[in-house]
């Protein structure tokens with residue numbers, strides 16, 4: 001009970017301290033450009049009253065969810081196959097290692113050229129940004145499985161798809177989840193950058209539009225705060241998957 005209370009109170013204390021330092025720093029410097037926490041809250045409420053904030057949050061989440069889930073459905077099977085079959089890995093790994101270091105931001109002009117100013121462009125960028133961390137994590141997870149588990153399963157006559165289902169996938173899940181968390185963080189970063197250039201809605205668009213339309217820095221910081229809070233919530237949801245029995249089996253190794 002005490003540990004749970006501390007896990008709640010300590011982050012709140014840090015957040016309160018940060019907001020207090022932010023407020024007094026703005027007052028001490030006498031800045032009339034950077035907003036105070038109160039001004040940011042006022043700006044956030046203004047966006048709520050206009051019905052803009054919820055619409056932009058939904059737009060960003062839709063793009064992230066679509067691109068990210070596509071990357072999950074492609075990246076996990078691809079990584080598992082590359083980790084299990086040596087020749088498959090030898091054939092595809094060089095191409096992945098060439099494409100992986102390319103920043104997703106560098107693909108923005110290409111995405112706009114291919115898909116125009118539409119939702120497809122940021123979804124494509126999110127898919128690319130998420131695919132490689134997920135694929136590499138799944139491949140490494142399979143390669144790191146202790147052979148004793150594979151041999152024990154085969155001694156009991158388990159093979160083929162059943163071996164993948166009962167041994168390989170549960171043992172690889174913890175490392176795959178780490179890749180999913182990293183990929184989700186990257187996806188959330190990329191959608192904000194893409195929305196500043198490739199579309200006219202979403203939290204990224206809100207930030208750049210508020211900057212250009214009268215230098216509303218209170219709305220800029222409000223958009224930044226919403227991005228951070230939603231990112232925290234998404235990471236929490238992924239971490240909750242670690243409580244699944246299948247994942248605990250892999251962690252218990």
Being part of a loop (DSSP other than H, G, I, E, B) and under 22 Å from the mean Cα position of the chain (by Cα) is the filter; apply it to segment 118-154 and report the residue that is farthest from residue 178 (Cα to Cα).
118
Hits in segment 25-34 - residues which are part of a helix (DSSP H, G or I) and either in contact with a helix residue (DSSP H, G or I) (Cβ under 6 Å, 6 or more places away or on another chain) or surrounded by 11 or more Cβ atoms within 10 Å (Cβ to Cβ) (or both):
25, 26
So, of the residues in segment 93-117 that are without any contact (Cβ under 8 Å) to a residue 40 or more places away in the chain and surrounded by 16 or more Cβ atoms within 10 Å (Cβ to Cβ), which turns out to be nearest to residue 176 (Cα to Cα)?
107
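Just to be sure, is residue 227 part of a helix (DSSP H, G or I), closer than 22 Å to residue 130 by Cα, modelled with pLDDT of 85 or more and touching a helix residue (DSSP H, G or I) at 6+ places or on another chain (Cβ under 8 Å)? Lay out the reasoning, then the answer.
Values: part of a helix (DSSP H, G or I): yes; closer than 22 Å to residue 130 by Cα: yes; modelled with pLDDT of 85 or more: yes; touching a helix residue (DSSP H, G or I) at 6+ places or on another chain (Cβ under 8 Å): yes.
Yes.
With 210, 193 as the choices, which residue is in contact (Cβ under 8 Å) with a residue 12 or more places away in the chain, assigned to a helix (DSSP H, G or I) and surrounded by 20 or more Cβ atoms within 10 Å (Cβ to Cβ)? Walk me through it before giving the result.
Values: 193 fails: surrounded by 20 or more Cβ atoms within 10 Å (Cβ to Cβ).
That would be 210, the only listed residue that is in contact (Cβ under 8 Å) with a residue 12 or more places away in the chain, assigned to a helix (DSSP H, G or I) and surrounded by 20 or more Cβ atoms within 10 Å (Cβ to Cβ).
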Unique residue being out of contact with any strand residue (DSSP E or B) (no Cβ under 9 Å at 6 or more places or on another chain) and without any contact (Cβ under 8 Å) to a residue 60 or more places away in the chain when the list is 65, 59, 71
65
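The values are calculated or read from the model by the stated rules, or taken from the named source; none is laboratory data. As the structure is a computational prediction, the values presented were derived from the model and not from experiment. Heads up, the Cβs are rebuilt from the backbone with ideal geometry, glycines too, and the neighbour counts pull from every protein chain shown.
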